[in-house]
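The values are calculated or read from the model by the stated rules, or taken from the named source; none is laboratory data. The model shown is predicted, which means the values in this text are computed figures rather than measured ones. Please note: Cβ atoms are built from the backbone with ideal geometry, for glycine as well, and neighbour counts cover all protein chains shown. Just so you know, the surface numbers come from the protein's heavy atoms only, side chains and all, with ligands and any DNA or RNA stripped out. Shrake-Rupley method; radii C 1.70, N 1.55, O 1.52, S 1.80 Å.
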Amino acid sequence: MTYEAGQYDVIVIGAGHAGCESALASARMGCETLLLTINLDMVAFMPCNPSIGGPAKGHVVREIDALGGEMGRNIDKTFIQMRMLNTGKGPAVHALRAQADKFSYQHTMKKTIEETDHLTLRQGMAEDLIVEDGKVIGIVTKTGAIYRAKAVVITTGTYLRGKIIMGELMYESGPNNQQPSVKLSASLKELGFKLARFKTGTPPRVHKDTIDFSKTEIQPGDDNPKFFSYETKSSDNEQLPCWLTYTSEATHKIINDNLHRAPMFSGAIEGTGPRYCPSIEDKIVRFADKPKHQIFLEPEGKHTSEYYVQGLSTSMPEDVQLGILRSIPGLENVEMMRNGYAIEYDAVVPTQLWPSLETKLVDGLFTAGQINGTSGYEEAAGQGIIAGINAARKVQGREPVIIERSQGYIGVMIDDLVTKGTNDPYRLLTSRAEYRLLLRHDNADLRLTPTGYEIGLISEERYQEFLNKKELVAQEIERLGTVKIRPEVAQPMLDAANSAPIAFTMDALSLLRRPELTYALIEPFAPSELPLTEEMKEQVEIQIKYAGYIEKQLHQVERLNKMEKKKIPDDIVYSEVHGLASEAKQKLADIRPLSIGQASRIAGVTPADISILLVYLEHYNRVTAARGQ
Amino acid sequence: MVHDTIAAISTAIGEGGIAIIRVSGPDAIEGTARIFRSRTDLRDAATHTVQYGHIIDPKSGEEVEEVIVTVMRGPRSFTAEDVVEINAHGGVVAVKKVLDQVLLQDGMRLAEPGEFTKRAFLNGRIDLMQAEAVIDLIRSKSDRAFSVARKQAEGTLSKRIKALRQTVIELLAHIEVNIDYPEHDVEDLTSAYIREQSGSALEEIGKLLKTANEGKILREGIMTAIVGRPNVGKSSLLNMLAQENKAIVTDIPGTTRDVIEEYVTLNHIPLRLLDTAGIRETNDVVEKIGVERSHNALEEADLILFVLNNNEPMHEDDRVLLEKVKDRQLILIINKSDLESKLDMAEINSLIDEERIVRMSVREEEGLDLLEKAISKLFFEGQLDSGDLTYVSNVRHISLLKRAQQSLLDAIEASNAGIPIDLIQIDVRSAWESLGEILGDEVGDSLIDQIFSQFCLGK
């Protein structure tokens, strides 16, 4: 029996990292929003590593924050370790990484959701989508509740027809032995969606008291931690260290001796696993020459003794897992609290989506996160906020928001997914971005906060603070260009910094361009009266030091943007475009790119095809214009 | 794409006395101005005016070619963009030299097939009725270009570029993995490693570009000047070369208007003999003119054949001339070797390496094989006969190789200056992309593939 359970603007199915951002964005934009989860105790759960950030991923968290999302604030409240990575490299690749108290992380997120206006959090398993005339109008849960809505966002993570595999054992399950979502997958298939089968995995967890830390190296957090959110000014969170150890020869022997029991090699796993996150058995087979592999031991929280064994993702049988663990220095007597496993799940082939993350097949239906073929909490959250924003805007009758590749890693990721698709679970890497120098950790606010403000997710107060920062940074850069420093004054500082002496008076800005000099070194010779924060000084330094490179990339962006701005009308019939190669016709008809820029990134579409398309569009526009007259 | 600047030779190559290089786009005037020396700065030139001057190599300041340049500011031009047309003398070599210089300028690239027409259409200069014709033009031209490119890419050149690209991508993957996996136990990237990998790639690029030069010589012939005092046997040498080879291909109007070229092949080696008319005239009374013309030809030549008479001591004129050219690509021919030697060999040996001296008797038709060997050694390091040498010949390929070369040099320089690796990556990546463009490869995901096959990463 079914019953009418309520009417909403937007329904979000799944309360993982994508679902939470989606629902919060939609509700904060004023839409009545329902967030459904199979298990209310699993909101914002971290089924794998208890950490957030790192290169590209950390950038995404900053971008989510700049847009007015929650992940940055939430991890800032609940971290138990914070480290800035890549500090020896250029500013574009500095990357913040946090260890989370995984329980505190999910409780804090759940509380935020519960306290948000227009947002209803409810337990229930969505099993069917109600679609009328190609438009989604509601969902039905396992318990027969019918919820009606104008837009639906599906963020099912690894739950869709989830199957856990470990050695010879195999059973239907969501992550961490949760109930899988079986029927929704069938419903999507019925609607005509192409699904892919992907796989991921997680390592075992061990008991802290059974680890001999004396045989490992300590990995402490930063003394002066930075934060993900531009709103977080300080924190008194106590930090816990991680620990580093290595696999041994014995580890490799155990694995090699038991390969016949590994589902990876016995053929039990049909899903495609992520290249960037291979299991330990995979690593040992593929990189047989490597004598040892790093293993990080990471605390899962303050109020638990569980440690996550990073580097040991495996789907070996339980007894072999224990043997592997105990072959590692420091873990000789370890107690395994949970075993590792591989999980297979259904994903939607992401080329079936518009760049707004709305599906092309069903109007008003959006998908975000792992269901779109990605992997990682940050990737999920980054899509989640965009799907939530666009679902809300759809309901409000507004144009979707699309982040360009030159604006953020979120834009790179979504464009990659919807334009090229993915053959294995997609992970963001900084190398996927062509404008890495523009997509820095430090300038996420400059890139995206105006968008966040326009959407209505950034408060007036925060926006004014942002404008103030921008203005002060610009003023300070201009000022440094006018401050002259005499050679005899600068000499001791230059000597100390191993910097070449100057022969004539030089302005502070030019000096700051030298790789070896910093704002802090120059500041005493050019003190500013502006109320500059450390963050602003950092911004000044980066903008001055890398101006040449930044300008070069901006120039490229400007050129390519012209291609992005050339829109392709939706009603174009590619099979009728004379001169296009047949492969291009088919690919273009499949992807239906929104702009010439997007079209040019489709595999199999050549520059000649793009030229022809441009000529055709010009023809089309002139004819349309002539008809209009 | 529509808003960058393109250039191409817009007249059929090798036909007609004048060739036009057309440049169109926002940087057309600025880019050309940087390599154009004349009384009026091109930037200040009024639209639809013609300037006389020289294309120069901006690095050395050397004059590359004498040209006439027309400036047409948009929208009153064929493409409705700023257009510059460079009129050069029609010789293939001259035109390509000019195009090379143009393409080396920032923001310039070689036009795609049909691209000028495409731009003209997109900018509203061509009637709607012709849209289909424009499409056909693009399609047919790019298909043809593609098939040529593919033919070239199937050969040994493609293998070498692929290997080269592999060297660069390994470096690139190493940089990327250092950035994306800072905590992984992969070796830290050192500037020594960057230098080493870039250095070996640069060496290979250098070799390929050298073949470009050899390939050019093979196609167009070695510009050769025969010089010497009257009556040492210059004209006989010419006649012998001409008779030996019935393969006098054509008389081409040359790059300097007065000079006539004659194209002969000496076994495998094509020679373009400069100023042959002048040499012929030395049989006439006005020998002086001949000498003068020889002097002019000297400036142009890739190869100088300096002829001495074995039977006469060195004349002061010989010494002056020899001093002037001894550091050029020169072969000293001691003619009339069948007669008694009156030359001071000690003096000659102090000026010229033994391997660049060839003893011949033109009258007895002896020593031609020695001459051929000496030239081959000078220009092809003696390997001309191996038959399957790789030659980079395509202008586009050459300009992309040069671009890759520059990017790698920038990378090394940046690395030496202590610039962070994520910035060096920009140069390395651009080298990799330039090489990729030669192959027409999908650049796509293969970097990511490389990272994960080269390094063991994971959680």
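Values for this structure:
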{"item": "In the range A:500-597, trypsin sites (Lys or Arg not before Pro) in a DSSP loop with at most 15 other beta-carbon atoms within 10 Å", "result": "A:Arg513"}
{"item": "Accessible surface, the range A:494-565, averaged per residue in Å² (probe 1.4 Å)", "result": "56"}
{"item": "Which of A:Tyr620, B:Tyr52 is most accessible, then next, and so on - probe 1.4 Å", "result": "B:Tyr52, A:Tyr620"}
{"item": "For B:416-426, mean number of other protein chain Cβ atoms within 10 Å", "result": "6"}
{"item": "Protein accessible area in the range A:459-504, 1.4 Å probe - carbon and sulfur %", "result": "56"}
{"item": "Fully extended contour minus Cα-Cα distance, from B:Arg39 to B:Glu323, at 0.36 nm per residue", "result": "98.8 nm"}
{"item": "Candidate residues A:Met413, A:Met264, B:Met223: accessible-area rank, largest first, probe 1.4 Å", "result": "A:Met264, B:Met223, A:Met413"}
{"item": "Summed buried accessible area for B+A [probe radius 1.4 Å, Å², rounded to 100]", "result": "5000"}
{"item": "Candidates per GluC sites (Glu not before Pro) in the range A:47-125, loop by DSSP, up to 12 other Cβ within 10 Å", "result": "A:Glu115"}
{"item": "Taking all pairs of distinct alpha-carbon atoms in the range A:1-137, Kirkwood radius in angstrom", "result": "16.3"}
{"item": "Pairs of Cα atoms farther than 49 Å apart, the protein assembly as shown, %", "result": "40"}
{"item": "For A:Ser235, solvent-accessible area (1.4 Å; no DNA, RNA or ligand), Å²", "result": "50"}
{"item": "Protection proxy ranking, peptides B:359-367, A:293-301, average beta carbon neighbours within 10 Å, highest first", "result": "A:293-301, B:359-367"}
{"item": "For the protein assembly as shown, size of Cβ-based charge dipole, Lys and Arg +1, Asp and Glu -1, in debye", "result": "2200"}
{"item": "DSSP beta bridges in chain A [antiparallel fraction, %, rounded to 5]", "result": "70"}
{"item": "Where N is the number of residues in chain A, Cα Rg divided by 2.2 N^0.38 Å", "result": "1.03"}
{"item": "Other protein chain Cβ atoms within 10 Å, averaged over every residue that makes up B:402-410", "result": "0"}
{"item": "Karplus 3J(HN,Hα) series, Hz, for the range B:329-343 with 6.51 cos²θ - 1.76 cosθ + 1.60 (x for Gly, Pro)", "result": "6, 10, 10, 8, 9, 9, 7, 6, 5, 7, 8, 5, 7, 10, 8"}
{"item": "Heavy atoms of B:Leu157: accessible area, 1.4 Å probe, square angstrom to 10", "result": "20"}
{"item": "Taking all pairs of distinct alpha-carbon atoms in the range A:283-344, Kirkwood radius in angstrom", "result": "12.9"}
{"item": "Sequence ranges A:396-406, A:333-343, B:226-236, ranked by mean other-Cβ count within 10 angstrom, highest first", "result": "B:226-236, A:333-343, A:396-406"}
{"item": "For the range A:450-525, size of Cβ-based charge dipole, Lys and Arg +1, Asp and Glu -1, in debye", "result": "260"}
{"item": "Among A:219-227, A:368-376, the order from most to least packed when residues are scored by Cβ within 10 Å on average", "result": "A:368-376, A:219-227"}
{"item": "Solvent accessible area, Å² - B:Glu316, 1.4 Å probe, full protein context", "result": "110"}
{"item": "Whether the range A:49-102 is rounded, prolate or oblate, judged on the alpha carbon gyration tensor where a/c under 1.5 counts as rounded", "result": "oblate"}
{"item": "Exposure ranking of A:Leu195, A:Leu184 by accessible area [1.4 Å probe, largest first]", "result": "A:Leu195, A:Leu184"}
{"item": "For residues of A:561-572, the mean tally of beta carbons on other chains within 10 Å", "result": "1"}
